[in-house]
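**Q** Once you've had a glance at the structure underneath, I'll fire off some questions.
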Amino acid sequence: MAEQVQAPGPAGAPPRVIAEAEGARPGPTLVVVAGLHGNEPAGVTAAERVIGRLGRGLYPFRGRIVALAGNRAALARGVRHLATDLNRQWVPDRIIPVLHRPAGADEDPEDAELRELHGALCATMSGGRGPCFFVDLHTSSAEGAPFLVVGDTLPNRRFAAGLPVPAILGLEEQLDGSLLEYLSELGFVTLGVEVGPHDDPQAVHVLESALWLALASAGLVTELEVPGLVIHRRRLRRATRKLPRWVEVRYRHAISPGDRFEMAPGFRTFDEVRAGQVLGRDRNGEVVAPEDGRVLLPLYQGQGEDGFFLGRDLPEGRLRRVALLRRLRLERLLPLLPGVRRLGPGRLHVAPEALERVPVDWFHLLGYRKWRAAPEGGHVVSRRTHLLRAPRSCACAGARGPGKG
Ligand SMILES: [Zn+2]
């Protein structure tokens, strides 16, 4: 097992390595990060409890599980972050300068967290032999049902399918610089778990149940080896009753501080809305839903760049058809369409005129869910790059950072 260096942290913070356990037989590696936001300690407790039980040797398992604390300085103070959101820093342009700067130099507290957590992830990965899975545990400020954040690749979908919790596809692709995105591009099979609210004691139980089922879905245990399997399943089903299994993001209401956007009160993630329904206000007046769907992540606390998202239910049959299209690698045909140009692996330039002929849905269907305005006009559109590969062993990108694309 790789030696993890435990730097002394701020008083009251959990250690960087919250807990770890190694099974009797080789198998997959599951890395858990908890408390990437410092006001979300429930994940730390959940990881301690699950790995604590595994570590006592009462349950057989394969491979290795390691839980790492996210933003320790913020966890010690019970705040989301001190200077910058640690879950928006995971891009090479941010990571590389921080890794090259000596620790202790004049820098934001989150720079030190980024450097340490990156080092801990590398140490964990260098000891991994089998495929690598990653789970990011969060709680939210608002009441609402638990949900999963799933980058749209077939291995990620299979991983998420082991948990009876609504999974949102295409949300991870919208959030720039998330740890999920970074590790996904390094070849991890990834899953974000969001449970509400922060201070609800039940949040710890729900995260524990999610973690046990993630262990089974990643193959460290079989479902029958999960202690209390029925209880975990029932707990998750009860918390997510009447909600669809899969929802895809169709629309992002991007905002900037100058917009003075305010969400209308009372919306919760998964609430159904009709086209034209008022969802908020900004300096130009009412903000309405552009189409029928479900509201996702309505912005009620603090600042952000996303006012809300709109999603649509994805029936299982459609998911299976999409999986078939992906296996046939039909995305290779997209650059043949007029106005679509290949920029690199998993990256396209889509000219505005292309969208007059080709519906955006076609791109979504084939996993191209991240749309960003291109400087020369049109859009740079990308998908997760381990789309069709089997989960591979982890490899640390070190100071180079992952290749984009
Ligand atoms: Zn969070």
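**Q** List the pair-distance distribution P(r) of region 1-92, using every Cα-Cα distance, as the percent of pairs falling in each 5 Å bin from 0 up to the bin containing the longest distance, rounded to whole percents.
**A** Spelled out bin by bin, region 1-92 gives 3, 14, 22, 21, 18, 11, 7, 3, 0 percent.
**Q** Would you kindly derive the ³J(HN,Hα) couplings of region 39-44 from the backbone phi angles with the Karplus curve 6.51 cos²θ - 1.76 cosθ + 1.60 (θ = phi - 60°), listing them in order in whole Hz, with x for Gly and Pro?
**A** Along region 39-44, the couplings run 8, 10, x, 4, x, 4 Hz.
**Q** Another question, if that's okay. What size of dipole, in debye to the nearest 20, comes out for the chain about its Cα centre when the only charges are +1 on Lys and Arg C-beta atoms and -1 on Asp and Glu C-beta atoms?
**A** 1740 debye
**Q** Still on this structure, please answer the following. Using only the alpha-carbon atoms of region 48-165, report the extent along each of the three principal axes, biggest first, to the nearest angstrom.
**A** Principal extents (largest minus smallest coordinate, Cα): 46, 38, 32 Å.
**Q** Give the peptides 325-334, 248-257 in descending order of average Cβ contacts within 10 Å, highest first.
**A** 248-257, 325-334
**Q** I'd like to know which of Tyr182, Leu243, Pro375 lies farthest towards the positive end of the charge dipole of the chain, counting +1 on Cβ of Lys and Arg and -1 on Cβ of Asp and Glu.
**A** Leu243
**Q** Checking a compactness column here: for the chain, what do you get for Rg(Cα) / (2.2 N^0.38 Å), N being the number of residues?
**A** My calculation over the Cα atoms of the chain gives 0.96.
**Q** Just to compare against my own numbers: the Cα pair-distance distribution for region 206-350, 10 Å bins, whole % per bin, please.
**A** It works out to 9, 24, 27, 28, 11, 1, in whole percents.
**Q** In region 69-178, which trypsin sites (Lys or Arg not before Pro) are in a loop and have at most 14 other Cβ atoms within 10 Å, using DSSP for the loop call?
**A** Arg129
**Q** Please compute the contact order of the chain in relative form: average sequence separation of alpha-carbon pairs under 8 Å and at least six residues apart, divided by the residue count, as a percent.
**A** On the way: 873 pairs, mean separation 67.9, N = 405.
Reported relative contact order: 17 percent.
**Q** Another question, if that's okay. Within region 137-201, report the GluC sites (Glu not before Pro) that DSSP leaves as loop and that have at most 12 other Cβ atoms within 10 Å.
**A** Counting only loop positions with at most 12 other Cβ atoms within 10 Å, the GluC sites (Glu not before Pro) in region 137-201 are Glu143.
**Q** Let me ask something additional. Suppose a student asked you for the relative contact order of region 247-313, using Cα pairs under 8 Å spaced at least 6 residues apart; what percent would you report? Could you put the intermediate results ahead of the total?
**A** Values: 143 pairs, mean separation 28.7, N = 67.
Relative CO of region 247-313 lands at 43 percent.
**Q** If you project the alpha carbons of region 330-382 onto the principal axes, what extent comes out on each, in Å, largest first?
**A** 27, 23, 17
**Q** Please give the helix 201-218 orientation as an angle from the longest Cα principal axis of the chain, in degrees from 0 to 90, rounded to the nearest 10.
**A** Taking the Cα atoms of the chain, the angle to 201-218 is about 90 degrees.
**Q** Right, next: How many angstrom lie between the C-alpha centres of region 74-127 and region 140-218?
**A** 21 Å
**Q** Normalised by the number of residues in region 17-243, what is the relative contact order in percent for Cα pairs under 8 Å and 6+ residues apart?
**A** 25 percent
**Q** So, R0 is 41 Å and r is the distance between the beta-carbons of Arg234 and Arg274; what FRET efficiency does that work out to, to 0.05?
**A** Plugging the Cβ-Cβ distance into 1/(1 + (r/R0)^6) gives 0.80.
**Q** Starting from the Kirkwood Rh over alpha-carbon pairs, what translational D in µm² s⁻¹ does region 247-313 have by Stokes-Einstein at 37 °C and 0.692 mPa s?
**A** On the way: Rh = 11.7 Å.
Value of D from the Cα-based Kirkwood radius: 280 µm²/s.
**Q** Grab the beta carbon distance between Val17 and Glu305, set R0 = 22 Å, and tell me the FRET efficiency rounded to 0.05.
**A** Efficiency, rounded to the nearest 0.05: 0.10.
None of the figures in this text is laboratory data; all of them are computed from the coordinates on show. Just so it is clear, the model here is predicted, and its values are computed rather than measured. Glycine gets a Cβ as well: all are built from the backbone with ideal geometry, and neighbour counts include every protein chain shown.
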